[in-house]
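Student: Got a structure here, written out as structure tokens. Questions coming.
The numbers here are math on the coordinates, done by the rules we state, and not lab data. Nothing here was measured: the structure is a model prediction, and the numbers come from that model. Cβ atoms come from the backbone with ideal geometry, glycine included; neighbour counts cover every protein chain shown.
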Amino acid sequence: MKSAMIMRGLAVLAWLSAGLMVAGCKSNPPLTPTDARTQIQAKYDATPAQPVTIILGNAGMAQGILDKYWVETKRYPNGYWGDFTLTPDGKKVVKLAGGGDVIQWRPDSPTDKQFTVNITTLVSNHLRAVNVNNVQSDGTGGMTVQYTEAENLDGMPGPLQDIAHEPGNRLTSQRTADFTYADGKWTLQSIE
């Protein structure tokens, strides 16, 4: 009988201790998509602004001629190679990856749709974090957030923005951000 009373007392004590532990545990506040986006954007804004590299294919080259960013200055005997010189307007908005002011258009054949050249915008901007979603626990007390990292085309003339949207240009990427909770707040740890 004495042994049963001791066992019952220990069980009650264990139950009360467990209840106190659960009551004393505080869960972390939720990490909202808005809070996550604010921290991710702050990280982007703290890094130096970067120009955008634009890949020019056939459509982008034609658009640049129509928008008077470059003009054809030489046609080669094969009929599909050409040199295109940046105009004064073109020099105000882009520079060539290899330097100089002449785009050397050298496709493999008249039907080559894969040939491209790179140009770089003179306007530099910070990346943008958009479409922040899928906030999930990482299983170790931290959180992960998925979002879209987007090139910022602000400050570029509309025709150049149109060229940047031509096929072959990658203006967005899917990313995952990792957050940890410490000192009463969520903090951005890394972006993958």
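Student: Can you pull out the residues in segment 112-121 that are in a loop (DSSP other than H, G, I, E, B) and either crowded, with 16+ Cβ neighbours inside 10 Å or of a type outside the set (D, E, K, R) (or both)? Break it down into steps so the answer makes sense when it comes.
Tutor: Here is the first cut: in segment 112-121, the residues in a loop (DSSP other than H, G, I, E, B) are 112-116.
Within segment 112-121, Q114, F115, T116 meet the criteria.
Student: Going by the conditions given, is T87 more than 30 Å from Q146 (Cα to Cα), in contact with a Gly (Cβ under 8 Å, 6 or more places away or on another chain) and polar (S, T, N, Q)?
Tutor: no
Student: Being farther than 16 Å from Q161 by Cα, among the polar types (S, T, N, Q), free of Cβ contacts under 8 Å to residues at least 60 places away in the same chain and out of contact with any Leu (no Cβ under 9 Å at 6 or more places or on another chain) is the requirement here; does T38 meet it?
Tutor: yes
Student: Can you tell me which residue within segment 59-95, out of those that are touching a Phe, Trp or Tyr at 6+ places or on another chain (Cβ under 8 Å) and touching a residue at least 40 places away in the same chain (Cβ under 8 Å), is surrounded by the fewest Cβ atoms within 10 Å (Cβ to Cβ)?
Tutor: V93
Student: Could you count how many residues in segment 166-192 are in a strand (DSSP E or B) and either touching a Cys at 6+ places or on another chain (Cβ under 9 Å) or closer than 20 Å to L56 by Cβ (or both)?
Tutor: 1
Student: Let me ask another. I'd like to verify a number: residues in segment 166-177 that are more than 25 Å from F115 (Cβ to Cβ) and exposed (fewer than 15 other Cβ atoms within 10 Å of the Cβ), how many?
Tutor: Number satisfying all stated conditions: 2.
Student: I'm checking my understanding of the structure. Among residues of segment 122-142 that are among the small types (G, A, S) and assigned to a strand (DSSP E or B), which one is farthest from the chain's Cα centre (by Cα)?
Tutor: Ranking the qualifying residues of segment 122-142, first place goes to S137.
Student: Which residues, taken from segment 143-165, are assigned to a loop (DSSP other than H, G, I, E, B) and surrounded by fewer than 17 Cβ atoms within 10 Å (Cβ to Cβ)? Don't jump to the end; show me each part of the working.
Tutor: Here is the first cut: in segment 143-165, the ones assigned to a loop (DSSP other than H, G, I, E, B) are 151-157, 165.
Matches in segment 143-165: D154, G155, P157, H165.
Student: Which numbered condition trips up D154, out of (1) under 23 Å from Y69 (Cβ atoms); (2) of a type in the set (D, E); (3) within 13 Å of the chain's Cα centre (by Cα)?
Tutor: In the conditions (1) under 23 Å from Y69 (Cβ atoms); (2) of a type in the set (D, E); (3) within 13 Å of the chain's Cα centre (by Cα), D154 misses (3) alone.
Student: Could you please let me know if G155 is closer than 27 Å to I103 by Cα and out of contact with any Leu (no Cβ under 7 Å at 6 or more places or on another chain)?
Tutor: So G155 passes the test.
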